[in-house]
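Below is one structure, written out as structure tokens; the observations come after it.
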Amino acid sequence: MTILLVEDDRALARSIMEYLELEELTCDYADNGVGAIELTKSQHYQVIVLDINLPRLDGFSVCEQLRKSGNDTPIIMLTAKDRLEDKLTGFNAGTDDYLVKPFAMKELVARIKALSGRRSNQVKKLSVGELELDLSSKQAKRGETTIELSPTGFKILELLMRASPDAVSKETIVQEIWGDQALDSNNLKVHIHKLRKDIDSACEPAFIVTIKSVGYAIREPHAD
């Protein structure tokens, strides 16, 4: 699971990231709102932990911009004061949960896992254009053609389709699918090649796109 932490208090951010690492959660970091928006354009996150009082762009504005752009990643907003006005503003902007500082790290992790699990369980079928992935049967369809997937191919396709149209970095795919297992550098390429063969070989144009210096994305052909 990859988390985006947006917090301008570097000491607090360091403590949070160290604790998340102990919980085997991958964490990216931004210390301002504009930087957070930019990271979400090139990376897919399971949960965003977002402070309210940020330089350049405050947390409310970040949340609002993400929702307007179609980004529905669960957001936990951090606030220094347990004020009803802040909570109402945040919920109206699209946040999913609130945590008041100071907080216990265990509670933060529990909320992260709860939000991520809740979002995953809500969706039974993913679709991008004519490409569909049934999360129950673990089968894919492109138009009327049923596609049989390997267990690893299914996991990679699910990750890419959940993030679509955003790209998912190679590092994130490896972490999400294989965790900390030692992995040959060509292993991911082999699985992507097989996935392309299954999904795109008999059809044009392709759904699976390589994003140079980033990773891979699933995008509806001609969607741009």
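The values are calculated or read from the model by the stated rules, or taken from the named source; none is laboratory data. Since this is a predicted model, take the numbers as computed values, not measurements. Neighbour counts are summed over all protein chains in view; Cβ atoms, including those assigned to glycine, are modelled from backbone coordinates with ideal geometry.
Just one of the listed residues (Val34, Val109, Val100, Val6) is touching a Ser or Thr at 6+ places or on another chain (Cβ under 9 Å) and not charged (D, E, K, R), and it is Val100. Within the stretch 83-100, restricting attention to residues that are part of a loop (DSSP other than H, G, I, E, B) and in contact (Cβ under 8 Å) with a residue 24 or more places away in the chain, the residue that is surrounded by the fewest Cβ atoms within 10 Å (Cβ to Cβ) is Gly94. Residues in the stretch 46-82 that are in contact (Cβ under 8 Å) with a residue 24 or more places away in the chain, part of a helix (DSSP H, G or I) and not polar (S, T, N, Q): Gly59, Phe60, Val62, Cys63, Glu64, Leu66, Arg67.
Do we have Thr89 as in contact with a Cys (Cβ under 6 Å, 6 or more places away or on another chain), more than 30 Å from Ile208 (Cβ to Cβ) and not assigned by TED's automatic domain parsing to the domain that holds Phe207 here? Please lay out each step first, then the result.
Values: in contact with a Cys (Cβ under 6 Å, 6 or more places away or on another chain): no; more than 30 Å from Ile208 (Cβ to Cβ): yes; not assigned by TED's automatic domain parsing to the domain that holds Phe207: yes.
Criteria not met by Thr89.
All of (1) part of a helix (DSSP H, G or I); (2) of a type in the set (Phe, Trp, Tyr); (3) surrounded by fewer than 19 Cβ atoms within 10 Å (Cβ to Cβ) hold for Tyr29 with one exception: (1).
Every residue in the stretch 129-142 that is aliphatic (A, V, I, L, M) and at pLDDT 90 or above, please. If you could, list the steps in order and put the result at the bottom.
Restricting attention to the stretch 129-142, the residues satisfying the condition of being aliphatic (A, V, I, L, M) are 131, 133, 135, 140.
Hits for the stretch 129-142 are Leu131, Leu133, Ala140.
Being surrounded by fewer than 19 Cβ atoms within 10 Å (Cβ to Cβ), in contact with a Ser or Thr (Cβ under 6 Å, 6 or more places away or on another chain) and touching a residue at least 12 places away in the same chain (Cβ under 8 Å) is a condition met by at least one residue of the stretch 161-178.
Check the stretch 83-97 and report whether any residue there is under 30 Å from Ala206 (Cβ atoms) and β-branched (Val, Ile, Thr). If you could, list the steps in order and put the result at the bottom.
Within the stretch 83-97, the subset under 30 Å from Ala206 (Cβ atoms) is none.
No, because not a single residue in the stretch 83-97 is under 30 Å from Ala206 (Cβ atoms) and β-branched (Val, Ile, Thr).
Checking the structure you have, find out if any residue of the stretch 15-22 is outside the structural domain of Val214 (by TED's automatic domain parsing) and touching a Gly at 6+ places or on another chain (Cβ under 9 Å). No; the residues of the stretch 15-22 include none that is outside the structural domain of Val214 (by TED's automatic domain parsing) and touching a Gly at 6+ places or on another chain (Cβ under 9 Å).
Residues of the stretch 82-110 being in contact with a Lys or Arg (Cβ under 8 Å, 6 or more places away or on another chain) and either of a type in the set (Gly, Ala, Ser) or farther than 21 Å from Ser15 by Cα (or both), which ones? Talk me through it step by step, then tell me what you get.
The initial filter retains those residues of the stretch 82-110 that are in contact with a Lys or Arg (Cβ under 8 Å, 6 or more places away or on another chain), namely 93-94, 97-100.
Of everything in the stretch 82-110, those that are in contact with a Lys or Arg (Cβ under 8 Å, 6 or more places away or on another chain) and either of a type in the set (Gly, Ala, Ser) or farther than 21 Å from Ser15 by Cα (or both) turn out to be Ala93, Gly94.
What tally of residues in the stretch 25-58 results from selecting those that are more than 28 Å from Thr210 (Cβ to Cβ) and among the acidic types (Asp, Glu)? Number satisfying all stated conditions: 3.
Quick check, is Leu115 assigned by TED's automatic domain parsing to the domain that holds Lys194, aliphatic (A, V, I, L, M) and modelled with pLDDT under 90? The answer is no for Leu115.
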